[in-house]
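Right, one structure below, let's go through it.
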Amino acid sequence: MGLQIPALNKQDTAGIVDVSETVFGQSFNETLVHQLVVRYMAGARAGTKAQKTRSDVSGGGAKPWRQKGTGRARAGTTRSPIWRTGGVAFAARPRNYEQKLNKKMFRVGIRSILSELLRQDRLVVSSDIIPTTVKTKELNAKLKLIDAKRILIVVDSVDENLALASRNIPYVEVIEAANLSPVLLVAADKVIATPAALKQLEERLA
């Protein structure tokens with residue numbers, strides 16, 4: 001016996017869609033979902049921060065003064081970290097923040113999120129969500145009845161009208177099913193998927 005995803009509203013032509021219990025009926029694995037979200041957020045970090053050490057700054061070739069007899073502390077270079085214009089101690093270097101996560105863990109994690117969204121009535125299906133024009137007004141009219149601060153629209157392929165109409169709405173994100181982000185899924189108050197996107201998700205995550 002499969003599961004059913006309700007339509008966005010009674011007027012939507014998609015109606016109720018039957019989906020696989022394998023993909024949309026999993027228990028919620030909080031530890032794995034947390035790991036998945038952290039991995040995606042870490043991968044989004046630029047990691048381009050860089051500072052100069054004492055070997056990178058210019059100058060400092062000559063000893064500032066002789067070792068003994070001046071009454072001052074010993075100094076071998078003017079580019080020491082304790083000097084003004086000197087290098088930075090423990091300087092930051094460009095680094096890669098990406099974390100590894102195998103494909104099986106990714107699939108289980110996404111299935112877990114989708115299943116929890118369905119249990120919480122945050123996942124619906126709609127065939128009429130894609131506007132016929134690029135006007136934001138038309139898409140807004142479709143979304144104004146939804147009580148949600150963040151809406152994620154999942155499609156099989158991004159439609160130009162939908163992309164242009166949604167870009168001026170700050171609380172709406174549009175993403176292809178093939179590029180589904182766990183961060184966007186977890187953050188969304190309501191996820192609206194097209195029937196074609198649901199079918200693509202089932203094939204990919206089964």
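What the table below lists for this structure:
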item	result
Answer from 43, 86 - the residue that is closer than 17 Å to residue 184 by Cβ and without any contact (Cβ under 8 Å) to a residue 60 or more places away in the chain	43
Selected residue (only one of 23, 57 is free of Cβ contacts under 8 Å to residues at least 60 places away in the same chain and either under 28 Å from the mean Cα position of the chain (by Cα) or outside the structural domain of residue 106 (by TED's automatic domain parsing) (or both))	57
Number of the exception - residue 168 against (1) touching a residue at least 40 places away in the same chain (Cβ under 8 Å); (2) under 16 Å from residue 131 (Cα atoms)	(1)
Enumeration of residues in the range 106-121 that are among the hydroxyl-bearing types (Ser, Thr, Tyr) and within 14 Å of residue 193 (Cβ to Cβ)	115
Boolean, residue 63 is touching a residue at least 40 places away in the same chain (Cβ under 8 Å), loosely packed, with under 13 Cβ neighbours inside 10 Å and not in a helix (DSSP H, G or I)	no
Enumeration of residues in the range 118-151 that are surrounded by 13 or more Cβ atoms within 10 Å (Cβ to Cβ) and not in a loop (DSSP other than H, G, I, E, B)	118, 119, 123, 124, 125, 136, 138, 139, 140, 142, 143, 151
Residues being outside any helix (DSSP H, G or I) and surrounded by 13 or more Cβ atoms within 10 Å (Cβ to Cβ) - total across the range 29-50	2
Selected residue [in the same structural domain as residue 19 (by TED's automatic domain parsing), at pLDDT 95 or above and within 25 Å of residue 16 (Cβ to Cβ)] from 143, 162, 152, 180	152
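The values are calculated or read from the model by the stated rules, or taken from the named source; none is laboratory data. Computed from a predicted structure; not experimentally measured. As a convention, Cβ positions derive from the backbone with ideal geometry for all residues, glycine included, and neighbour counts pool all protein chains shown.
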